[in-house]
Amino acid sequence: MVATVKTRSFNIFHSFKVLIIPGLLTITTSLTLIGCSGENLKTETETQSSARQVLDNTKTSGIKTKVLHMGYQQAGDLIRVTKVLEKRLEPLGVKVEWAQFAQGPQLMEAMNVGKVDLGSVGETPPIFAQAAGAQIVYVVGRRRTEKTGRGSAIAVPPDSPIKTLKDIKGQKVVFQKASASHYFILRALEDVGLKYSDIQVLSIPNVEARATFIEGKIPVWVTGDPHLAIAEKMGKVRVLRNSQGLDSPGGYYIAGKQFAIDNPELLRIVIEEIDKIERWAEAHPKETAKLIAPEQKLPPAVMDLVISRRTYGLRVISPDLVQEQQRVADYFYKNGLLPKPLNIQEALLTPEQYAAITPPTISQK
């Protein structure tokens, strides 16, 4: 089933021209498991038995929904492709519906109006969503490794006269405002002594900008995989710098606040399954690429490149991580991109609630 979800725009996004692209948003419901290769995945019988045991031990108050609405971005989602959530949740009487979005800001907008319960985004979208009044909470962080940031870049066409990052002064720079690219470009500009006002910003989602950039019609593009990998394999891009080493806390799984409060046991199960399949993916990159490539309709070489620089795994919402995220929010405010200071603590659960939703296997770092 293909559907378009229309959501009202956040006031703070009006100048950002935030759009949900018609045709990009698809919602599917499936209770069929797509088999994953790899010796570390449980068999269907073992997993269903485990789920039945969870059901026996679950209090009614821990799962109040019959449908889990998951949001994912155009870059794709291993969790959806492998259907690990469907398999684990079916015995509990919970269906999973998926909705695809161009990028993180669109996903956050849909969550604000109740179309999405849980989704993965970068560090920036929840900051702007919270600033716009969205009732959201940080559920769990995404693990960072030495590979983090290799799949995001500030890029120019191969024959561009722009040779260094400092040369982008005065140029039109394309990226999706309120996405992770927003923080990336802001920090990168600071590193070379430039200001946000030194560039001409055009807010366009990656899925729209890619073809135009490949045609050589965009001077500077701030983007990420798989769009970056596609352009690289076509020989249509020259990278000025990637975001590796950037002082970003990374991405998160974000949930609607009331949903998280009402469904702690459900969230615990979902987080456990996500971390389990992502740890498998980290250890089996070739198998992971083969699973995702058909879904994204990408050539094997492109998919291999994407997977080679993608980080998998989760980490807890710790005081240190909250402090890192607060620093990013303060940075946006200092640069005039938020109308008032933002308190990340207002988008957190209580320590007791985090203890209820966080499996002990999740990384503390």
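At a glance:
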read-out: Most to least accessible of GLU90, GLU346, GLU232 (protein chains only, probe 1.4 Å); value: GLU346, GLU90, GLU232
read-out: Built amide H within the under 5 Å cut-off of LEU68, gap 5+; value: LYS95, VAL96, GLU97
read-out: Normalised contact order of region 193-318, rounded percent, pairs of Cα under 8 Å and 6 or more residues apart; value: 24 percent
read-out: Per-residue SASA entry for GLU282, accessible area with 1.4 Å probe, Å² rounded to 10; value: 60 Å²
read-out: Net charge over other residues, Cβ less than 13 angstrom from the Cβ of ILE162 (K, R count +1; D, E count -1); value: +4
read-out: Whichever aspartates and glutamates have a C-alpha closer than 18 Å to that of LYS233, once near sequence neighbours (fewer than 8 apart) are set aside; value: ASP159, GLU215, ASP225, ASP304
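The values are calculated or read from the model by the stated rules, or taken from the named source; none is laboratory data. It should be emphasised that the depicted structure is a prediction, and the values quoted were computed from it without experimental measurement. Please note: Cβ atoms are built from the backbone with ideal geometry, for glycine as well, and neighbour counts cover all protein chains shown. For the accessible areas, the whole protein counts, side chains as well, though only heavy atoms, and no ligand, DNA or RNA atoms are used. Shrake-Rupley method; radii C 1.70, N 1.55, O 1.52, S 1.80 Å.
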